[in-house]
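Working notes, beginning with the structure itself.
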Amino acid sequence: MKPRTSKVLAFQLAALLAGLANGLNAQSPEERGLEIAKEMDLRDTGFGDSKAELEMQLTNRHGETSSRQMGMRTLEVVGEGDKTLIIFDQPRDVKGTAFLSYTHKVGPDDQWLYLPALKRVKRIASNNKSGPFVGSEFAYEDLSSQEVEKYTYKYIKDEVVDGIDCFVVERYPVDPKSGYTRQIVWVDKERYISMKLDFYDRKGALLKTLKFSDYKQYLGKYWRADQMNMVNHQTGKATRLLWRDYVFGNGYKARDFDQRSLQNAR
Amino acid sequence: MNQERPNPRAGRVERFAAWTLRNRWLVLLSSLVFVALTLVGTRNIRFDNSYRIFFSEENPQLQAFDALQAIYTKDDNILFVLTAPEDDIYEKSFLESVQWLTEEAWKLPFTTRVDSLTNFQNSVSQEDDIFVADLVEGDVPSDSSELSPIRDTALNEPLLYNRLINGQGRTTGVMLTLTLPEKDINEVPMATAAARELEARFNQKYPEVDTHLAGMVVMNNAFSESTINDMGTIVLPMFAAIFLVMAFLLRSVWSTLATGGVIMLTLLTSFGIMGWIGINMSPPLGSMPIMIMTLAVADSIHILVTFLNEMRNGRDKRAALVESVRINFSPVFLTTATTAIGFLSLNFSDAPPFRDLGNVVAIGVVAAWIFSILFLPAFISLLPVRVSTEKKAGWSFFDSWVDVLLRRRGTVLAGSVVVVAFMGVMVPRMELNDQWTKYFDTSLDIRVDMDYAEENLTGMTNIEFSLPAAESGGINEPAYLELLDRFSKFYKSNPDVLQVNSIVDTMKRLNKNMHGDDPAYYRIPDTRELAAQYLLMYEFSLPYGLDLNNQINVDKSSTRVTVTARDVKTKELRELIAEGEQWLVDNAPDYMHVKAASPTVMFAYISERNISSMVTGTGLALFSITVILIFALGSFKYGMLSMIPNMVPAILGIGAWSLLYGEMGMSLAVITGMTLGIVVDDSVHFLSKYIRARREKGMDGEQAIRYAFHTVGKALVVTTVILTVGFSILGLSSFRLNNWMGQLTAIVIVFALLADFILLPAVLLFVDGKKKRKSELVSETEVTATA
């Protein structure tokens, strides 16, 4: 934890200096945006690991619904993107299928899938980050860990959303393979967490809106939303993510997130 | 209630006509103010840009298609057809141009998906891993040894073959899927303009590649383009033609000008009220101006012919006008009412644009009547109309014709019956054909481009099925996939089918990939779990916009099968649809007995649906018109007899069309009701004069027929000429439905004149024979000055 502490200190010092400088030399919207992103990242740093149960509810314009159940384990990796393991529980024909990903701050993520019916682990080509996550309205890139380096930022304004005072920040994906040209994020000024996200597609049109609700605090510090609602404005489809049973401090090790671990993850 | 009746009314009408002339400035001014007020409504008029307008919300095929689109994705498309300069699409520089276009196409408005040869998500096995990527990824190799695998994959891929490529290898398609929000009427023109702009940029960058732009969105855009096009190429010649015919027939410049005024005011009023009601412009309504102009002329003609005759007979202008209004008030009102009823019967059509057409034309017809009895006399009274007083010789033709009729009445009647019977037999032989891809003629680019696409790449004729599985996730069951495969093979074996797109081909390919690309494994996975997990893995590998949402529903409990057929005639298409639906009934469990859905399917049934609904409408119109005539003519017998000349022209016209062309589109449904209202006018004029001669002049059948010919014969010929010219000009429309409607209506109108000149007198002679109605009194006051 030592390096992190010093990093935090250094950052706080930098922020303090920046704050001081602000009075003399006005901060640009880009700097302000980056600063907000860094603060969000900072406040979510240090949780170590977590696990949770996830229910995914899909709806189409015709009113048809479908549900998927999965467990999700996350291991925080210092200085790099997190490692995530998702184990499918429902629908039953994919039960036991496990998806492992190593997020990277720069460059494509590493992904593997374990198929129990074939009893084999397959590596997945990684130009897919813009693709939908198991047929939902969430792209893989919407769910993978949000690293500061994945975007460039621009602070727009302050706005109140659902009674919460927010920063409105625009961010632009760095990766050309991203499905978006920009996103607008509403950040709670007090807790530095996302309240709402607008996604703009490659032609610059509003594609989706994601709303976070029912935030709960864990370990007295880390905020997790129990509900995430994504609406696709173009297709009329929607996906709701319901999170429950968050557990922190599971003591996961790196070997719990390697390819061999996939096969007996349940 | 017969003899006394005309007097008080005539007195009222006379007073009314005189009042009009006294207050002519007030009449003129209020007409103009009224038109100006209605004109404000035109700013509400918009262009409808979709094939969807032809289907009412209750249309079962539309509902089925909407449901299908709500379950999968809402698809409208734009297809770029690219032709390689060297007739080889598997060549470096050409593939680069496809890559460029694919990349740029994502940026077009409303685009949610782009499919091309280069971005096809090919899956291959690589060292025990599966690799999913664009078929042509990154830099295109120049080496033919590296290019040939691309060709081999493409030619063997059922999802590409006959869809984006074909065996000839000289053309390929870049298919854009658009999800139109349907919030703004300008979406289609916007998307089309953007696609054309992209095409222009492409042509600039790759001048050696030949491009054609097809697809549903571009076709939808052609709906307004063709309407606007027609306005220029048809409405203006129509004006010219009307003026020429009028000038020739009336031999009076000022009268022609006055008619022009009536036409203009009527047309503007119709457009204005159309806007106030909130009716949008659509191709069928493109025929509205011509119809209204033509019908408006008919009213003016009757009034002007009498007026000019009166002046030739030596009356002064004012007296001639009053007399003309007096004589024509009732018949013109009657024909206006019957014509309006005929057009209002279009409300029974299942296609909303035809309802709109009927209503707007009915409004126009009423407006024409009002302007003809108010504005026209007031306006004429201001003009320096002069006529030569030398009397022209009467049409001796009519006399000789009546002589023939009298001598050969039996032959004429029998001959007429034979002809009508023969044509009647021809009617059911008409084939109903609504190939929407052929709705526009080759003067429009879209038709040329669609024909090119059809000939060189693939068809636009799709039949879609949403095939449900037994339960949630059931599409992964081998039994389901097996059935899907058999269904797909069933359609593929049909020579009219170009391609069948279903998830089963992807499934087989994945199974092969998972077994080191061993061709022996190009088959359906053995278990549901395998299929589900392959699919999950494939879904994990797909990039933005190229997911399976357009083929599999969210619950994985149904999949979409798209059958692309050749652009066959509607009849064959209906057979193709029925065969597939029957196959499901014979081979699949109950829950899979679904109906096909797609725009093509909707158009395949549109004629029948419209015709069955219009049978009621036309029947009702015929009934009300007959009742009106019974009262107006004051005779049950002649009212009933009028049904003969009213119904026969449509039978003759449709029979003749069937003989000449053999096919007709959905406009057939509205033609009977529409022409009914128009042709009634002829029989009304003829019968009313005949009856007047019998009752008021005590003439016998022969004399009465001679009298009728003399009084209205010429006017009927004149109006028929104008109506025929008008509807023939509509026959020049670039939109097939209007084109056919115009031509057929013109034919029916000519037959109506023939029926009134040949069949009706023969029938009257047969019915009234030589018996003279001596009881009828001659009404001295009713001596008409015409003829």
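The values are calculated or read from the model by the stated rules, or taken from the named source; none is laboratory data. Note that the structure is predicted; figures quoted are calculated from it, not measured. Here the Cβ is made from the backbone with ideal geometry for all residues, glycine too, and neighbour counts use every protein chain on show. For accessibility, only protein heavy atoms count, side chains too; no ligands or nucleic acids. Shrake-Rupley method; radii C 1.70, N 1.55, O 1.52, S 1.80 Å.
Of note:
To keep it simple, each residue is scored yes or no on (1) more than 14 Å from chain A (Cβ to nearest Cβ); (2) farther than 30 Å from B:R523 by Cβ.
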| residue | (1), (2) |
| --- | --- |
| B:Y90 | yes, no |
| B:S93 | yes, yes |
| B:V98 | yes, yes |
| B:W106 | no, yes |
| B:S125 | no, no |
| B:L147 | yes, no |
| B:T153 | yes, no |
| B:P158 | yes, no |
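- Total residues in segment B:551-592, condition open to solvent by 20 Å² or more (accessible area, probe 1.4 Å), touching a residue at least 12 places away in the same chain (Cβ under 8 Å), away from every other protein chain (no Cβ under 14 Å) and more than 25 Å from the chain's Cα centre (by Cα): 7
Every residue, every condition in (1) modelled with pLDDT under 85; (2) in a loop (DSSP other than H, G, I, E, B), yes or no:
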{"position": "B:P141", "(1), (2)": "yes, yes"}
{"position": "B:L147", "(1), (2)": "yes, no"}
{"position": "B:L159", "(1), (2)": "yes, yes"}
{"position": "B:R163", "(1), (2)": "yes, yes"}
{"position": "B:G167", "(1), (2)": "yes, yes"}
{"position": "B:T172", "(1), (2)": "no, no"}
{"position": "B:K183", "(1), (2)": "yes, yes"}
{"position": "B:E197", "(1), (2)": "no, no"}
{"position": "B:H212", "(1), (2)": "no, no"}
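- Pairs are defined by a Cβ separation below 7 Å, a sequence spacing of at least 6 or placement on different chains, a first member in segment B:648-672 that is under 21 Å from B:K569 (Cβ atoms), and a second member that is among the acidic types (D, E) and open to solvent by 10 Å² or more (accessible area, probe 1.4 Å); the pairs so defined are B:G662/B:E431; B:E663/B:E431.
- Some residue of segment B:49-63 being modelled with pLDDT of 85 or more, within 14 Å of chain A (Cβ to nearest Cβ) and open to solvent by 40 Å² or more (accessible area, probe 1.4 Å): yes
- Candidates are the residues of segment B:491-549 that are crowded, with 17+ Cβ neighbours inside 10 Å and of a type in the set (D, E); the one that is farthest from the other protein chains (Cβ to nearest Cβ) is B:D505.
- When residues of segment A:193-214 are limited to those that are open to solvent by less than 20 Å² (accessible area, probe 1.4 Å) and among the hydrophobic types (A, V, I, L, M, F, W, C), the one farthest from the other protein chains (Cβ to nearest Cβ): A:I193
- Considering segment A:52-71, the residues that are surrounded by fewer than 17 Cβ atoms within 10 Å (Cβ to Cβ) and either aliphatic (A, V, I, L, M) or in contact (Cβ under 8 Å) with a residue 12 or more places away in the chain (or both) include one that is farthest from the other protein chains (Cβ to nearest Cβ), namely A:E53.
- Of the residues making up segment B:456-476, none is in a helix (DSSP H, G or I), in contact with a Phe, Trp or Tyr (Cβ under 7 Å, 6 or more places away or on another chain) and within 30 Å of B:T437 (Cα to Cα).
- For B:E482, the conditions (1) within 14 Å of chain A (Cβ to nearest Cβ); (2) more than 26 Å from B:N77 (Cα to Cα); (3) open to solvent by 30 Å² or more (accessible area, probe 1.4 Å) all hold with the exception of (1).
- Checked against (1) in contact with a Leu (Cβ under 7 Å, 6 or more places away or on another chain); (2) modelled with pLDDT of 85 or more; (3) over 25 Å from B:G272 (Cα atoms), B:P85 passes all but a single condition, namely (1).
- Inclusion of B:N162 among residues that are away from every other protein chain (no Cβ under 14 Å) and closer than 25 Å to B:E199 by Cβ is warranted.
- Hey, B:V305 surrounded by fewer than 22 Cβ atoms within 10 Å (Cβ to Cβ), within 20 Å of B:S372 (Cβ to Cβ) and not basic (K, R) or not: yes
- Single match in B:E464, B:E431 (criterion: surrounded by fewer than 16 Cβ atoms within 10 Å (Cβ to Cβ), among the charged types (D, E, K, R), within 30 Å of B:S667 (Cα to Cα) and within 39 Å of the chain's Cα centre (by Cα)): B:E431
- Candidates B:L180, B:L155, B:L117, B:L101 - the one that is open to solvent by 40 Å² or more (accessible area, probe 1.4 Å) and within 22 Å of B:N501 (Cβ to Cβ): B:L155
- Pairs, first over 18 Å from A:M230 (Cβ atoms) and more than 14 Å from chain B (Cβ to nearest Cβ) in segment A:168-192, second among the acidic types (D, E) and open to solvent by 20 Å² or more (accessible area, probe 1.4 Å), C-beta under 6 Å, six or more apart: A:V168/A:E159; A:K189/A:D165; A:Y192/A:E39
- Sole residue being open to solvent by 50 Å² or more (accessible area, probe 1.4 Å), in the same structural domain as B:I78 (by TED's automatic domain parsing) and closer than 30 Å to B:V670 by Cα, chosen from B:V417, B:V448, B:V425: B:V448
- Scanning segment B:618-641 for residues that are buried (at least 24 other Cβ atoms within 10 Å of the Cβ) and either within 23 Å of B:E431 (Cβ to Cβ) or small (G, A, S) (or both) turns up B:T618, B:A621.
- Of residues in segment B:659-698 being among the hydroxyl-bearing types (S, T, Y) and open to solvent by 10 Å² or more (accessible area, probe 1.4 Å), the one nearest to B:A298 (Cα to Cα): B:S688
- Members of segment A:85-120 that are aliphatic (A, V, I, L, M), more than 9 Å from chain B (Cβ to nearest Cβ) and either touching a strand residue (DSSP E or B) at 6+ places or on another chain (Cβ under 8 Å) or not in a loop (DSSP other than H, G, I, E, B) (or both): A:L85, A:I86, A:I87, A:A98, A:L100
- Qualifying residue in segment B:160-170 (condition: in contact with a strand residue (DSSP E or B) (Cβ under 7 Å, 6 or more places away or on another chain) and of a type in the set (A, V, I, L, M, F, W, C)): yes
- Sole exception among (1) closer than 15 Å to B:L484 by Cα; (2) outside any loop (DSSP other than H, G, I, E, B) for B:M537, by number: (1)
- Of B:T564, B:T600, all but one fail to be on the phi < 0 side of the Ramachandran plot and in a strand (DSSP E or B); the exception is B:T564.
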